[in-house]
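**Student:** Got a structure for you, questions after.
Values in this text are rule-based calculations from the coordinates and carry no lab data. Predicted, not measured: the structure shown is a model, and the values here were computed from it. Positions of Cβ are backbone-derived with ideal geometry, glycine not excepted, and every protein chain shown enters the neighbour counts.
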Amino acid sequence: MNDLIPLMVIVPIIVAILLNLFSKQNTTVKILSFLVAIVLPIIPILSNYGLHYFGGHAPLIDNGNLLNSLPSYISDGALSTFHIGITYSFESLQRILLFFLFVVGFLCILTTLGERKRIPGSYMFLMFMGLAAVTAMLLSDDIFHMYIFFEIAIVAQVGIVLASTDDLKYEVAMKYLLLGSVGGPILLIGIGFLLGLVGSVNITDIVYAVKNGLINTSSPVFLFSFGLIFFGWLYSVGLPPFHTIKSSIYSKAVPSGSALLQALSVVIFISLGITIFRIYSSLPLLEVFLIFFSLSGMILSLTMAIMENDFKRMIGFLAVGELGYIGLGFGIGTKLSLTAALFQGLNEIIITAILFIGFGVILYLTKISDITKLGGLIENNPKIAIIVLLGGFAMAGVPPLNGFQSKLMLIQSALNDNLPELAIIMILISIITFMTFMKAFHSIYLKPKPKNLIVEDVRVPRSSIFAMAVLIVICIVLGIMPTLVTNGFSGFVGGLI
Amino acid sequence: MIEYIVMIVGILGSILALVQRDLLKATILTGISGGCIAFLFQILLAPDVALTQAIVGAAIVPVFLAIAIYKTQRVDKDD
Amino acid sequence: MIDTQLAALLSSGSFIIIGLYAAIFIDNIIKKIIGLSFIEEGANMFLITLAYRPDGIVPIFLPGMTPEWFASKSAYPLPHALVLTSIVIGASTLAIMLAIAMVLYNKHGSLSASVILGDKK
């Protein structure tokens, strides 16, 4: 059923618009968003692998009658294989990643529904719009289509930040948007250079042109387009020099919103990263750039995280630091490392969602985010403490959780590729991450309770606990049976290299 | 010949817009350079884009800016 | 006399540079936003200039033209379609930025970026 492929983008967009229309009716918003969020993960599972051509514009080579009527310089040349319209390609990577993205999206929406009495329809609009935007980026085989949804994703992210109650949300949103309006056009100019070289914006066509020597890959124009697109990618994923703004975005949003923001960032990271890897893998510069920026991103974010006393900001920095692992996997560039990078990306979506929602419960109960003023909360809700601890273990890579499996694969791939120093740095960073997490965990849950700490006597919303339980079950299942997803990923990567 | 004049007017308009102390004047100059770009699109064989750019660049963007300035302050204080 | 395409490329480059200068060095937030809109317009103009063909025709297929003649003369219409979308996106981002700037002005009583965005935490 290939017709289901565009539905993954269309359904969230239509629902988003409907929710905005019914913004005033609280019950309608709740029921509609809950129902659609629960239906969304089913679509990628039911859909078949394949390509979807918008408007039925298949490449000329698939259309015999038309091809024969054309002059020979079109029908015999490379032009006949080029894609005419926008194309969506749906493969094993897309199926796995979209399924888990929609599951996390559903849990974030559920948490929001549980925590708030009145749900503004516009907030749900933004969440669905963000989901639709990154889904389109992941599915699309068209780099300009990606750019459009990249801009939409930025606006949706800013909107999610603006919906929180933090004092400084406007400042952070403004900074993010200012940087975004520089990053967006720069990405567009990079796409323009590629368009000027190849004459098409379809990624498969560009890759075909690069592989078959139709364009000069050592020309300065090609290098320049690489630089510009890479800059846009750095902005969108929050690697340095943008790690500070990205982590403050996470720390200013509502915790369940931050979980979704991180999921969106990871999917943008993977979709644009794969595009860059496919087009520019012939450049030796690519490996150096990817490893340098990923490593500096990990190290800088961790140093910031250690110093931090505000747990929202700390988790934000840890989340940004973890993104570096995916970049390293892309940078090493072997089949194993790419599979590991994709697996790590998937794990990151799940683990950071647990941490954000878990620490969000603390914020919900105490309204305090400074860890020096908190303590002894394990008496209030031991269940949540255990789940958060398991989430931290998964992030640090303790067996048998999923973080362990993906990090093990990454380290193995670094060793196989004769880069033992990278493996050592990854292990060290993993240890420091765990230490930072344990510091926060200790001072929130285990340290004796300060006298002036008032814990509000409200019940923790059941939806939050349910969401965290589902996520931790996914963590354990993926940790014990990683082949459930890695087989699909390595199948995808095999077609890539 | 006319395209060179339009280009120069557009660039000058954009520079002048950024050195104005009165933000309303800056807004009008932004509209002028947006209009110049729309005209250039016409010369560069893109009439459909020129139409959109003429509406967005010469009318909608200046109006947005003017509303923002009306709601905030009109003079750009240097210090 | 340099040709139109080169001149248009140069002017789109100067729009981008003027915009970048304004976005980085000018303190007033409204002017920063104006500068960002110039970057956007420069990028759009760059794409349109790529599609230009000297002595070409507008890419509209009219009755009476043969396909060969049209293909040898017309400008490349793909960037036009792309830029149409990009113009609209640019305008909507600008509107959101201006709205946030208005909220920030009400909060801080100033349009200076160093006052509004200065405090890091």
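**Student:** Find the all-direction average of the projected area of the Cα convex hull for the range B:1-47, expressing the result in square nanometres with one decimal place.
**Tutor:** Mean projected area for the range B:1-47: 3.0 nm², to one decimal.
**Student:** With point charges of +1 on the Cβ of Lys and Arg and -1 on the Cβ of Asp and Glu, referenced to the Cα centre of the protein assembly as shown, which listed residue (C:67, A:292, A:309) lies farthest in the positive direction of the dipole?
**Tutor:** The listed residue farthest towards the positive side: A:309.
**Student:** Would you mind calculating the relative contact order of the range A:283-497 from Cα pairs under 8 angstrom and at least 6 residues apart, reporting the percent as a whole number?
**Tutor:** Reported relative contact order: 27 percent.
**Student:** Take the Cα atoms of the range A:14-147, build their convex hull, and give its volume per residue in Å³.
**Tutor:** 123
**Student:** Nearest 20 debye, what's the magnitude of the dipole of chain A about its Cα centre given +1 on Lys and Arg Cβ and -1 on Asp and Glu Cβ?
**Tutor:** 1520
**Student:** At 0.36 nm per residue, and after removing the present C-alpha to C-alpha distance, how many nm does the segment from residue A:28 to residue A:435 gain when stretched out fully?
**Tutor:** 142.0 nm
**Student:** So, one more: Ranked highest first by average number of other Cβ atoms within 10 Å, how do C:23-33, A:176-186 line up?
**Tutor:** Ranking, from highest mean packing down: A:176-186, C:23-33.
**Student:** Using a simple charge model, +1 on the beta-carbon of Lys and Arg, -1 on the beta-carbon of Asp and Glu, nothing else, what dipole does the range A:283-497 show about its Cα centre, in debye to the nearest 20?
**Tutor:** Dipole size: approximately 640 debye.
**Student:** Can you give the charge dipole size of the range C:4-116 about its Cα centre, rounded to the nearest 20 debye, using +1 on the beta carbon of Lys and Arg and -1 on the beta carbon of Asp and Glu?
**Tutor:** For the range C:4-116, the charge dipole is close to 220 debye.
**Student:** Here is a follow-up. Cut-off is 10 Å between beta-carbons; in what order do A:83, A:243 appear when sorted fewest neighbours first?
**Tutor:** Lowest to highest Cβ neighbour count: A:83, A:243.
**Student:** Can you pull the one-decimal nm distance between simple spin-label points at residue A:307 and residue C:55, each 7 Å off the Cα toward Cβ?
**Tutor:** So the two model labels end up 6.4 nm from each other.
**Student:** Report the Cα-based extents of the protein assembly as shown along its three principal axes, largest first, to the nearest Å.
**Tutor:** If we take the Cα atoms of the protein assembly as shown, the spans are 82, 62, 52 Å.
**Student:** Moving on. Thinking of the range C:4-116 as a set of Cα atoms, what percent of all their pairs are more than 25 Å apart?
**Tutor:** The proportion of pairs with Cα distances above 25 Å equals 40 percent.
**Student:** Given H placed 1.01 Å from N in the peptide plane, which residues other than close sequence neighbours of residue C:74 have an amide H under 5 Å from its amide H?
**Tutor:** For residue C:74, whose amide H was placed from the backbone, the distant partners under 5 Å are C:57.
**Student:** For the range A:222-280, what size does the Cα cloud have along each of its three principal axes, sorted from largest down, in whole Å?
**Tutor:** Ordered largest first, the range A:222-280 gives principal extents of 41, 20, 10 Å.
**Student:** Across peptide C:59-71, what mean number of C-beta atoms from other chains lies inside 10 Å of a residue's C-beta?
**Tutor:** Rounded to a whole number, the mean comes out at 1.
**Student:** Of the cross-linked pairs A:169/A:449; A:117/A:439; A:30/A:367; A:24/A:252; A:449/C:107, which ones have a Cα-Cα span greater than 28 Å in the structure shown?
**Tutor:** A:169/A:449; A:117/A:439; A:449/C:107
**Student:** Amide H neighbours of residue A:86 under 5 Å, at least 5 residues apart or on other chains, H built in the peptide plane: list them.
**Tutor:** Answer set, sorted by chain and number: A:54.
**Student:** Karplus couplings for the range A:95-102 from phi (6.51 cos²θ - 1.76 cosθ + 1.60, θ = phi - 60°), rounded to Hz, Gly and Pro as x?
**Tutor:** 4, 5, 5, 5, 4, 6, 4, 5
**Student:** Order of A:396-404, A:74-82, A:229-237 by packing, highest average Cβ count within 10 Å first?
**Tutor:** A:229-237, A:396-404, A:74-82
**Student:** While we're on this one: Tell me which of A:467, A:411, A:36 sits at the most positive position along the dipole axis of chain A, charges placed on C-beta atoms (Lys, Arg +1; Asp, Glu -1).
**Tutor:** Going by the charge dipole, the pick is A:467.
**Student:** What aspartates and glutamates sit close enough to residue A:335 to cross-link, taking a C-alpha to C-alpha distance under 18 Å and skipping anything fewer than 8 places away on the same chain?
**Tutor:** Straight-line reach from residue A:335, under 18 Å: A:91, A:287, A:417.
**Student:** Oh, and also: Report the calculated FRET efficiency for residue A:335 and residue C:62 (r = Cβ-Cβ distance, R0 = 41 Å), to the nearest 0.05.
**Tutor:** Plugging the Cβ-Cβ distance into 1/(1 + (r/R0)^6) gives 0.20.
**Student:** Sort A:130-141, A:456-467, A:191-202, C:54-65 for me by packing, meaning the mean count of neighbouring Cβ atoms within 10 Å per residue, highest on top.
**Tutor:** Ranking, from highest mean packing down: A:130-141, A:191-202, A:456-467, C:54-65.
**Student:** Of A:436, A:140, A:158, whose Cα points farthest to the positive end of the dipole of chain A (charges on the beta-carbon: +1 Lys, Arg; -1 Asp, Glu; origin at the Cα centre)?
**Tutor:** Farthest along the dipole direction, towards plus: A:436.
**Student:** Let me confirm one metric for peptide A:192-198, namely the mean number of other chain beta-carbon atoms within 10 Å of its residues' beta-carbons.
**Tutor:** Going residue by residue through A:192-198 and averaging, the value is 4.
**Student:** How crowded by other chains is B:61-74, given as the mean number of beta carbons from other chains within 10 Å of each beta carbon?
**Tutor:** That works out to 5 on average.
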